[in-house]
Amino acid sequence: MAVKTRAQHTIRKDSVVKNESAKTPPQALPVTLLSGFLGSGKTTLLQHILRSEHGLRIAVIVNDIGAVNVDASLIRNTHRLTKTEEKVVALQNGCICCTLRGDLLEELVRLAEVAEFDYIIIESSGISEPEQVAETFDSRLAEQISEMGEGPEGLDEATLATLQRLKAAGGLEKFARLDTTCTVIDAFTMFHDFETSDLLSARRDDVVPEDERTVSDLMVDQIEFADVIVLNKTDMVDAKTKQRILSLMKKLNHRAKIIETTYGKLNVKEIVNTGMFNLEAAQVSHASIRDHFLFVSATRSPERDYGHDRSPCLAKHSIRW
């Protein structure tokens, strides 16, 4: 079903690829993966992207169109806003084991095949780990898809058709490639979220009680995996606090480009077509924060700050090493 705004721009409520023939687009569409907590400023940044004169025809894939709340006037003839319903496909063999986002595959293939866009931006949910979404683009999946036969059991027809199309074409890389991972951070709440021991399930209704991730866990994951970090709301912190945040960011992810913003205003080309994404580099970048947590453990009084013998951040993230 499609819902049309007053300006007659189309917002798709579901993304079913009907053409089962393999269509390879002239070239793979580059993609930016946008991550960040609820309230960090992702929606404001998306609105800025849709308003900006950057010369690109951009399709934006979101999990919840209502949450984005984009006015019809912002969705120009050159842009498209689409919604996906999460479908997780488990794939496993000797070279890779991950959960594949079938909904993203369907939408990425569809957008590539219509050949109306220059670029795609995926807004992940506020509780998503960017690495899990990025694995959908892993080039090794092409080999795995080619070996899957009829496909994993339990797939709906749309996802199965998409997987078969990808198999015939040689993988998702023929349709779309991950160009940039971008994480938006709220400067005003950064330290509170980084140092808290709160579980995500205590803050978000859409997190199942069995999810044992902490707010701090997710923030670190989102920062570590970013090629570009947008430090938003810098007007709400003083210069000293901002420098502390920047120092911490560099410890968490020394390879990321950091952009300071207010109201998400930036040059859109700083987060699109950067060519910065490298899956292997992103996956090992967490090693760079070990010294930071050791420093925190040695210099802070945990008993004073947390009432027990270890910082929650150190206690949780030390399992990485």
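Are any residues in segment 221-242 polar (S, T, N, Q) and surrounded by fewer than 22 Cβ atoms within 10 Å (Cβ to Cβ), and if so, which ones? Please lay out each step first, then the result.
To start, the set of residues in segment 221-242 that are polar (S, T, N, Q) comprises 222, 232, 234, 241.
The answer is T234, T241.
Got at least one residue in segment 252-263 being acidic (D, E) and either buried (at least 17 other Cβ atoms within 10 Å of the Cβ) or touching a strand residue (DSSP E or B) at 6+ places or on another chain (Cβ under 8 Å) (or both)? First the steps, then the outcome.
Initial filter on segment 252-263 (acidic (D, E)): 260.
Cutting the leftovers down to either buried (at least 17 other Cβ atoms within 10 Å of the Cβ) or touching a strand residue (DSSP E or B) at 6+ places or on another chain (Cβ under 8 Å) (or both) gives us 260.
Yes, segment 252-263 contains a residue that is acidic (D, E) and either buried (at least 17 other Cβ atoms within 10 Å of the Cβ) or touching a strand residue (DSSP E or B) at 6+ places or on another chain (Cβ under 8 Å) (or both).
For a quick check of your reading of the model, give me the residue pairs whose first member lies in segment 233-245 and is at negative phi, whose second is hydrophobic (A, V, I, L, M, F, W, C) and assigned to a helix (DSSP H, G or I), with beta-carbon atoms closer than 8 Å and at least 6 apart or on different chains.
Going by the 8 Å Cβ cut-off, the qualifying pairs are V237/I245; T241/F191; R244/F191; I245/M190; I245/F191.
Consider T183 carefully, then state whether it is more than 24 Å from I121 (Cα to Cα), among the β-branched types (V, I, T) and either within 21 Å of the chain's Cα centre (by Cα) or part of a helix (DSSP H, G or I) (or both).
Considered against the rule, which asks whether it is more than 24 Å from I121 (Cα to Cα), among the β-branched types (V, I, T) and either within 21 Å of the chain's Cα centre (by Cα) or part of a helix (DSSP H, G or I) (or both), T183 comes out as no.
When you scan segment 175-220, how many residues do you find that are among the acidic types (D, E) and either closer than 21 Å to G264 by Cα or surrounded by 23 or more Cβ atoms within 10 Å (Cβ to Cβ) (or both)?
Number of matching residues: 3.
Within segment 25-58, work out how many residues are polar (S, T, N, Q), assigned to a loop (DSSP other than H, G, I, E, B) and surrounded by fewer than 24 Cβ atoms within 10 Å (Cβ to Cβ).
2
Computed from the coordinates by the stated procedures, all read-outs in this text should not be read as laboratory data. Only a predicted model underlies this, so the values are computations on that prediction, with no experimental measurement involved. Virtual Cβ from ideal backbone geometry, glycine too; neighbours counted across all protein chains shown.
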